[in-house]
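The values are calculated or read from the model by the stated rules, or taken from the named source; none is laboratory data. For clarity, every value in this text was computed on a predicted model and none was experimentally measured. Heads up, the Cβs are rebuilt from the backbone with ideal geometry, glycines too, and the neighbour counts pull from every protein chain shown. With ligands, DNA and RNA removed, areas are computed over all heavy atoms of the protein, side chains included. Shrake-Rupley method; radii C 1.70, N 1.55, O 1.52, S 1.80 Å.
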Amino acid sequence: MTLPARTFTGLLAGFAIRLWAGGDEVVVVYNTDVRPDSRLVAQHYTGKRAVPDRQVIGLSMPRDEGMTRTEFEKRLQEPLLAALEQRGLLTFHDQIVPATDNQPGRVVRLPVAATVRYVALCYGVPVRILEDAKPTGTNKTLLPAQRRAAAVDSELALLPALHQRLPVEGMLRNPFLGTEAMSRLDPKGGLLMVTRLDGPSGSVARNLVDNAMTAETHGLWGRAYFDARGLTKGGYKVGDDWIIAASAAARRHGFETTLNLEPATFGTGCPLPQVALYAGWYDQTPSGPFKQSTVEFMPGAIAYHIFSYSARSIRTADTWVGCLLDRGAAATVGFVTEPYLESTIEVGVWFSRLIESGATFGEATYAALPSLSWQTTVIGDPIYRPFPIRTDSSPTRPPALPESLVPWSRLREINLRLVRGDTPDRVAQSLARAPETRSSALLEQKVGDLCEQAGKLDDAVAAYRRALALRPSDQQRVHLQLGLARLLTALRQSDAAISAYEQFLNQNPKYPDRIDVYRKALLLAREIKNESLIRRYEAEIQYLTPPPPATNAPPPAAKAAAPAKPK
């Protein structure tokens, strides 16, 4: 659906920015009425990021996640702007705007200097501005584009333009969408990059900066998972295009990348080990491995699920945003109410700016948002820079990389060889000979994957078995065990495949999709005509099959008692 939108042209003056953003570029805002959690999150962040005291602002606000438009204006927007001016963080001058054919000349108060670029809202600051408009005249219903409801973050991002008195209703097209010049994202151009340190609890909010700084110190390592829908036409195809573009950016950077193009999202039993990047859609509530708490997020992980109400609350794990943060993601984006797909974050631009441009989380997000003064809330440390600015095509290995992360750096180098056109067979042989491979479950698994791609299934089985003996993570072990059974099935080694499935079921009694494993094992049992196994697997499948949904149809007895219609 295409919606009309207000237009906005800021003063696009920029200034040279440092290679690394610092705490002196951030204003920290906390809610003095949410004691002590909001203040504790602010103190934790300012201590970690060395934010100057004059840039820490406490305001009295509602304790709920929602606030009225009046509360937003009187208790957050206006007092925050006043504090920024009083403390010399943002400077305005009156400027004359000459008359045009369409409007008379006027005096406008515009920002001309700024020492800060980011705002970090702490746990306890409301998330939503509630719909409180009262239609006037004959129009009794507000059109979607006339809604006054918005995310606090998205509305507050326009704080430098407050004196221009922009209309409150509806969305505002972001003039910075797609920019590659990060210095344009500047209060003098009318924009503050607003994110929040928030989540289901104060401890989750504090962990956001800790995990971000761990990734900045040692690098963001792990796997990338992208869950598209396989759409080839229609208005929703653009969502798939964004996710596919994001997966391409991850692959170009050497991430071990999985792209799902099936209509269904990742299933309940799908293992998601060692996740650094995730983007998917379109389940209404946390689903699959996220629902089961089995997903493994690496420190600094960035995760996002497209759903219109993904952030209707972020202080519960029942929504996508709350769930991703609760599971360990360090940064995400969500929507407090219906944003319409075309106004959600352009995932391809977002991941490209993060991965390939070396942007901060705040910069990448506001360069990828189509709309402001709308429904997007942004959660994460605004100055988190997960990837250093790259000067060549090689991955940057941080100094003093911990021993446990060296295999990840090696894996990225291997994947870049594949991106440049090397063959899976040649890369597999090279990796198998490397001395570090024999002590790494991660690298042995990669040998197996490459052997499978090269059609050498026996070698893939051997590599998977070596990986299983090297203490993989819990979800990596699940992936390897299921993969081993799948490879043995492809090799027509039915007895060995059944044994692999049996071992898996014994070692993973809480695996959420046991019925699928029994179904695969049943096919193999029928292939070898093992009647005992066939009966056992059929009984297990029957036991695990949920009953059909109840209907409102009357019971058979009531039907029989009903009078018959005349012939």
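Does at least one position in the stretch 484-500 carry a residue that is out of contact with any Cys (no Cβ under 9 Å at 6 or more places or on another chain), under 30 Å from Pro299 (Cα atoms) and either part of a loop (DSSP other than H, G, I, E, B) or open to solvent by less than 10 Å² (accessible area, probe 1.4 Å) (or both)? No, that holds for no residue. The one condition from (1) closer than 30 Å to Leu89 by Cβ; (2) in contact with a helix residue (DSSP H, G or I) (Cβ under 9 Å, 6 or more places away or on another chain); (3) crowded, with 17+ Cβ neighbours inside 10 Å; (4) at pLDDT 95 or above that Gly254 does not meet is (1).
Is it true that some residue in the stretch 325-339 is under 23 Å from Arg148 (Cα atoms), open to solvent by 20 Å² or more (accessible area, probe 1.4 Å) and in contact with a Pro (Cβ under 9 Å, 6 or more places away or on another chain)? Checked against the condition, which is being under 23 Å from Arg148 (Cα atoms), open to solvent by 20 Å² or more (accessible area, probe 1.4 Å) and in contact with a Pro (Cβ under 9 Å, 6 or more places away or on another chain), the stretch 325-339 yields at least one hit. Checked against the criteria, Ile414 does not count as touching a helix residue (DSSP H, G or I) at 6+ places or on another chain (Cβ under 7 Å), more than 19 Å from Gly222 (Cβ to Cβ), among the β-branched types (Val, Ile, Thr) and buried (at least 20 other Cβ atoms within 10 Å of the Cβ).
In the set (1) on the phi > 0 side of the Ramachandran plot; (2) at pLDDT below 95, Ala558 fails one condition alone, (1). The single residue among Arg477, Arg492, Arg417, Arg486 that is closer than 30 Å to Ser532 by Cβ and within 28 Å of the chain's Cα centre (by Cα) turns out to be Arg477.
How about the stretch 86-115: which of its residues are without any contact (Cβ under 8 Å) to a residue 40 or more places away in the chain, surrounded by 13 or more Cβ atoms within 10 Å (Cβ to Cβ) and not hydrophobic (A, V, I, L, M, F, W, C)? Residues satisfying the conditions are Arg87, Thr91.
Of the residues making up the stretch 294-314, those that are among the β-branched types (Val, Ile, Thr) and part of a loop (DSSP other than H, G, I, E, B) are Thr294, Val295, Ile314. Restricting attention to the stretch 64-85, the residues that are crowded, with 16+ Cβ neighbours inside 10 Å and among the charged types (D, E, K, R) total 5. Of the residues contained in the stretch 443-458, one or more are found to be within 19 Å of Lys520 (Cβ to Cβ), hydrophobic (A, V, I, L, M, F, W, C) and assigned to a helix (DSSP H, G or I).
Given the structure, is Phe266 touching a residue at least 12 places away in the same chain (Cβ under 8 Å), in contact with a Gly (Cβ under 7 Å, 6 or more places away or on another chain), open to solvent by less than 50 Å² (accessible area, probe 1.4 Å) and of a type in the set (A, V, I, L, M, F, W, C)? Judged against the criteria, Phe266 is a match.
Consider the stretch 506-540 and keep the residues that are part of a helix (DSSP H, G or I) and closer than 23 Å to Phe290 by Cβ. The one that is most open to solvent (accessible area, probe 1.4 Å) is Gln507. Taking the listed residues Leu418, Leu470, Leu431, the one that is modelled with pLDDT of 95 or more and not in a helix (DSSP H, G or I) is Leu470, with no other qualifying. The residues of the stretch 228-247 that are without any contact (Cβ under 8 Å) to a residue 60 or more places away in the chain and of a type outside the set (Ser, Thr, Tyr), listed by number, are Ala228, Arg229, Gly230, Leu231, Lys233, Gly234, Lys237, Asp240. With respect to the stated conditions, Tyr543 is modelled with pLDDT of 95 or more, open to solvent by 70 Å² or more (accessible area, probe 1.4 Å) and either part of a helix (DSSP H, G or I) or within 21 Å of Leu484 (Cβ to Cβ) (or both). Residue count for the stretch 418-429, restricted to those that are touching a residue at least 12 places away in the same chain (Cβ under 8 Å) and surrounded by 15 or more Cβ atoms within 10 Å (Cβ to Cβ): 4.
Just give me the residues in the stretch 188-198 being modelled with pLDDT of 95 or more and either outside any strand (DSSP E or B) or surrounded by fewer than 24 Cβ atoms within 10 Å (Cβ to Cβ) (or both), in sequence order.
If we filter the stretch 188-198 for residues that are modelled with pLDDT of 95 or more, which is where we start, we get 191-198.
Scanning the stretch 188-198 gives Leu191, Leu192, Asp198.
Any residue at all in the stretch 292-314 that is among the acidic types (Asp, Glu), open to solvent by 10 Å² or more (accessible area, probe 1.4 Å) and within 28 Å of Thr217 (Cα to Cα)? Checked the stretch 292-314: at least one residue is among the acidic types (Asp, Glu), open to solvent by 10 Å² or more (accessible area, probe 1.4 Å) and within 28 Å of Thr217 (Cα to Cα). Within the stretch 277-291, track down each residue that is of a type in the set (Ser, Thr, Tyr) and open to solvent by 40 Å² or more (accessible area, probe 1.4 Å). Tyr282, Thr285 - these are the residues of the stretch 277-291 that are of a type in the set (Ser, Thr, Tyr) and open to solvent by 40 Å² or more (accessible area, probe 1.4 Å).
Taking the stretch 211-249 as the search range and keeping residues that are within 17 Å of Leu442 (Cβ to Cβ) and open to solvent by less than 50 Å² (accessible area, probe 1.4 Å), which one is farthest from the chain's Cα centre (by Cα)? Only one residue fits best here, namely Gly219. Taking each residue of the stretch 485-502 that is under 15 Å from Tyr464 (Cα atoms) and among the aromatic types (Phe, Trp, Tyr) and looking for partners that are open to solvent by 40 Å² or more (accessible area, probe 1.4 Å) and modelled with pLDDT of 95 or more with beta-carbon atoms closer than 8 Å, six or more apart or interchain, yields Tyr501/Lys520. The requirement of being out of contact with any Cys (no Cβ under 9 Å at 6 or more places or on another chain), within 22 Å of Leu172 (Cβ to Cβ), of a type in the set (Val, Ile, Thr) and assigned to a strand (DSSP E or B) is fulfilled nowhere in the stretch 345-365; no residue meets it.
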